[in-house]
Amino acid sequence: MLKILMTLLLSSVALFAAGGAATSGQPAPDITMTWVGFACLFIFVVGYYFVAAEEKYEIDKAKPALFIGTFMFILVALYYALNGMDLGLVSTEANHLILEIAGIFFFLFVAMTYIESLIHMGVFDRLKYNLVSKGYTYRKLFWVTGFIAFFLSPIADNLTTALILSTVLITIEKTRKDFLVPGAINIVVAANAGGAWSPFGDITTLMAWTAGKGAFVDFLFLFPSSIIGYLITAVILAKFVPDEKPPFDASKEKQPEMAAGANVVMGLGVFTIFCAVMSHQVLHLPAMWGMMFGLSLLKVYSYGLKKKYGTDHFNIFHSMAKIENNTLMFFFGILAAVGALYFIGWLALAVVVYDPNVLGPTWSNIGVGFLSAIVDNVPVMSAVLKASPEMGLDQWMLVTLTAGVGGSMISFGSAAGVGVMGKLHGIYTFGAHMKYAWTIVIGYFVSVTVWYVQYEVLGFYIKP
C-alpha cells in the first residue's frame, strides 16, 4: 500500500512539473465566445444570485460560492482536454490562483484567531463596558466605531479593522438591528475609505503601489476624497440609528475583568500586524508570512499561560475552532470563480472601455468602483493593472480610490464586508445592506467629485 501511495505521489509530481513546463510563458487563449465561456458566465451569475439571496433561501453564502468556484475551473480544464489544448496553462493558472487565495486565507485565519482569543479573554466585554458606562447613545457609539475604523484601517488594513470593530458592535448589542445594521455598514464604509488613502490599507492600494503606479506619498493625497465621501454616507446613515442609550445599570453591571495575559495578547496582535507590513514592504515576503509568524508567537505565549494558569485559562485551539469557517470558504469560492472568469477572458474585455473613443479613463475608472462592488475589487484591480492602460498619476489614483471605496456598495464587494457578514451572521446580510446602499452610492460620487476638483481643477497633487 505504501509503495502504491508513493507511486501515485511521484506520478502526480511528475505530471505537475510537465504541465508547468509545457506553458513556457505562453499566454492563455481567449475562450469567451465558446460554450465553456458562456457556460461559466451563466454559472457565475446563477451562483451570485444565490449568494445575494442568502436570506430568502436560507443557504449559507459559502455553499454556492464554493460550488461555482471549483466547478468553473473543472469545466475549463475539461474544455482544454476535449480540444487537445495545453492543460499546463490551466494548471499554472490554478496554482497561481491558489497562491493568491492562500495569502488572503491565512491572513484572515490569523486575524480571526486573534479576535476570538481577545473575546475569550474578555477584552471586548471590557471595551463594551467602557463605552456604554460613559452614557453614550447608540448614535454616539455609531460615530465612535466609525471614526476608529477610518483611522485604524490605514495602519491595520481594512479587513482586520472591520473584524475587530464588528466584534465590538455585537458585544455592545446583540439584537437591535436598527443599530447593528447601520453600524456594520458604517464600519465597512469607514474601513474601506480609510484603507484607500494608505498604500497598505487595502489590498487594491497595495497592488497599485507595488506595481509602481504611485509613490508612497501619492496615496496620501486621496485623504480628502476618502474622508469627505465617508462623512457624507455616515451623516445620512446616522439618522437611522436610534438616539437612545443602551440599557445599563451601574449598580448591577460590574466592570468586567480581563483574563491574565490579555494585554500581552493585544500587544502581540499589534506586533503581528507590524510583521505583516514589514514582511511585504521590507523583506518582500507575502503579508500572510508575517501574520503566521505572529500566530506562532501567540501559540508560544499560550503555552506559557497554560503552564502558569492551567489548561482552562487560555487554549488557542479553542479560539481557532470558533473561527467563522464559512467566511473563509466564501473567499476561496468567490476568488476562484472570478479567477476563472479572468482566465477565460471575460475581465480582459472590460479594459476596452479605457479607449478614449469608448468611455475614456475617467468614466471607466468610475465604473471600476461599481464593477468591484459586484465582482470583487481585488481581481478587478488586477485586471486593470495587467492591462495597464495609458493613464497619468491622477487616473491611477482615481482607480485606486474607486476600487477601494466602490467595494462598499454591496456587502460582499470587499474583504471588509465579507468579514463583517461572517461576524454578524443573520444580521448584516446582503438584503439588510441593500436597504441602505443608496447612502453609500451618494458618498461614492462625493468622493469622485472631490477627486475631480482636487486633481483636475486645482491640480493639488505631486505631479511626476
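The values are calculated or read from the model by the stated rules, or taken from the named source; none is laboratory data. Note that the coordinates shown come from a computational prediction; the quantities given were computed from them, not determined experimentally. Because the Cβ atoms are built from the backbone with ideal geometry, glycine has one as well, and the counts that use them run over all protein chains shown. Keep in mind that these areas ignore ligands, DNA and RNA; they rest on the heavy atoms of the full protein, side chains included. Shrake-Rupley method; radii C 1.70, N 1.55, O 1.52, S 1.80 Å.
Among residues that are over 27 Å from Phe200 (Cα atoms) and within 17 Å of the chain's Cα centre (by Cα), Lys56 is not included.
The residue that is farthest from the chain's Cα centre (by Cα), among those in segment 114-155 that are among the hydroxyl-bearing types (Ser, Thr, Tyr) and surrounded by fewer than 24 Cβ atoms within 10 Å (Cβ to Cβ), is Ser133.
Here is the figure for segment 276-289: residues that are at pLDDT 90 or above and open to solvent by less than 70 Å² (accessible area, probe 1.4 Å) total 0. Cβ separations smaller than 6 Å between residues 6+ apart or across chains give the following pairs from segment 289-304 residues that are among the basic types (Lys, Arg) to residues that are surrounded by 15 or more Cβ atoms within 10 Å (Cβ to Cβ) and in a helix (DSSP H, G or I): Lys299/Ile316. Cβ-Cβ distances below 6 Å connect the following pairs, each with a first residue in segment 46-63 that is at pLDDT 80 or above, a second residue that is open to solvent by 20 Å² or more (accessible area, probe 1.4 Å) and polar (S, T, N, Q), and a separation of six or more residues or different chains: Asp60/Asn326; Ala62/Asn326.
In segment 363-408, which residue that is among the hydroxyl-bearing types (Ser, Thr, Tyr) and closer than 23 Å to Val217 by Cβ is surrounded by the fewest Cβ atoms within 10 Å (Cβ to Cβ)? It would help to see each step written out before you state the result.
Our first condition is that a residue be among the hydroxyl-bearing types (Ser, Thr, Tyr); within segment 363-408, this holds for 364, 372, 382, 388, 400, 402, 408.
Keeping just the survivors that are closer than 23 Å to Val217 by Cβ gives 388, 400, 402.
Details: Ser388: 12, Thr400: 29, Thr402: 30.
Among them, the one singled out is Ser388.
Look at Pro464 and say whether it is in contact with a Leu (Cβ under 9 Å, 6 or more places away or on another chain) and either surrounded by fewer than 22 Cβ atoms within 10 Å (Cβ to Cβ) or charged (D, E, K, R) (or both).
It is true that Pro464 is in contact with a Leu (Cβ under 9 Å, 6 or more places away or on another chain) and either surrounded by fewer than 22 Cβ atoms within 10 Å (Cβ to Cβ) or charged (D, E, K, R) (or both).
Listed by position, the helices (runs of 4 or more DSSP H) contained in segment 199-247 that have at least 3 residues being on the phi < 0 side of the Ramachandran plot and open to solvent by less than 10 Å² (accessible area, probe 1.4 Å) are 203-210, 223-238.
Put simply, of Gly84, Gly88 the only residue that is at pLDDT 85 or above, open to solvent by less than 30 Å² (accessible area, probe 1.4 Å) and not hydrophobic (A, V, I, L, M, F, W, C) is Gly88. Open to solvent by 60 Å² or more (accessible area, probe 1.4 Å) and within 11 Å of Pro224 (Cβ to Cβ), is that true of Val457? Considered against the rule, which asks whether it is open to solvent by 60 Å² or more (accessible area, probe 1.4 Å) and within 11 Å of Pro224 (Cβ to Cβ), Val457 comes out as no. Only a single item in (1) open to solvent by 20 Å² or more (accessible area, probe 1.4 Å); (2) more than 19 Å from Ser198 (Cβ to Cβ); (3) in contact (Cβ under 8 Å) with a residue 60 or more places away in the chain is not met by Ile440, and it is number (1). Taking the criterion of being basic (Lys, Arg) and surrounded by fewer than 21 Cβ atoms within 10 Å (Cβ to Cβ), the only residue of segment 414-437 that qualifies is Lys435. Contact annotation: residue pairs with Cβ atoms under 6 Å, 6 or more positions apart or on different chains, pairing a residue in segment 185-205 that is within 25 Å of Gly431 (Cα to Cα) and hydrophobic (A, V, I, L, M, F, W, C) with a partner that is open to solvent by 10 Å² or more (accessible area, probe 1.4 Å) and assigned to a loop (DSSP other than H, G, I, E, B), are Ile185/Tyr436. Taking the conditions exactly as written (under 15 Å from Leu118 (Cα atoms), surrounded by 15 or more Cβ atoms within 10 Å (Cβ to Cβ) and β-branched (Val, Ile, Thr)), does Val265 satisfy them or not? Yes: the conditions hold for Val265. Across segment 298-346, which residue is modelled with the highest pLDDT among those that are exposed (fewer than 14 other Cβ atoms within 10 Å of the Cβ) and assigned to a loop (DSSP other than H, G, I, E, B)? Among those residues, the one meeting the criterion is Gly310.
Looking at segment 252-260, can you tell me whether even one residue there is open to solvent by 70 Å² or more (accessible area, probe 1.4 Å), assigned to a loop (DSSP other than H, G, I, E, B) and more than 27 Å from Arg126 (Cα to Cα)? No; the residues of segment 252-260 include none that is open to solvent by 70 Å² or more (accessible area, probe 1.4 Å), assigned to a loop (DSSP other than H, G, I, E, B) and more than 27 Å from Arg126 (Cα to Cα). A search for C-beta distances below 8 Å between a residue of segment 121-137 that is part of a helix (DSSP H, G or I) and any residue that is of a type in the set (S, T, N, Q), counting only pairs 6+ apart in sequence or on different chains, returns Phe124/Thr167; Phe124/Thr171; Asp125/Thr171; Arg126/Gln255; Leu127/Thr171; Lys128/Thr171; Tyr129/Gln255.
Inspect all residues belonging to segment 156-174 and state whether any of them is in a helix (DSSP H, G or I), open to solvent by 20 Å² or more (accessible area, probe 1.4 Å) and touching a Gly at 6+ places or on another chain (Cβ under 7 Å). Within segment 156-174, not a single residue is in a helix (DSSP H, G or I), open to solvent by 20 Å² or more (accessible area, probe 1.4 Å) and touching a Gly at 6+ places or on another chain (Cβ under 7 Å).
Ile334 satisfies every condition listed in (1) in contact with an Asp or Glu (Cβ under 8 Å, 6 or more places away or on another chain); (2) more than 26 Å from Leu89 (Cβ to Cβ); (3) not aromatic (Phe, Trp, Tyr) except (2).
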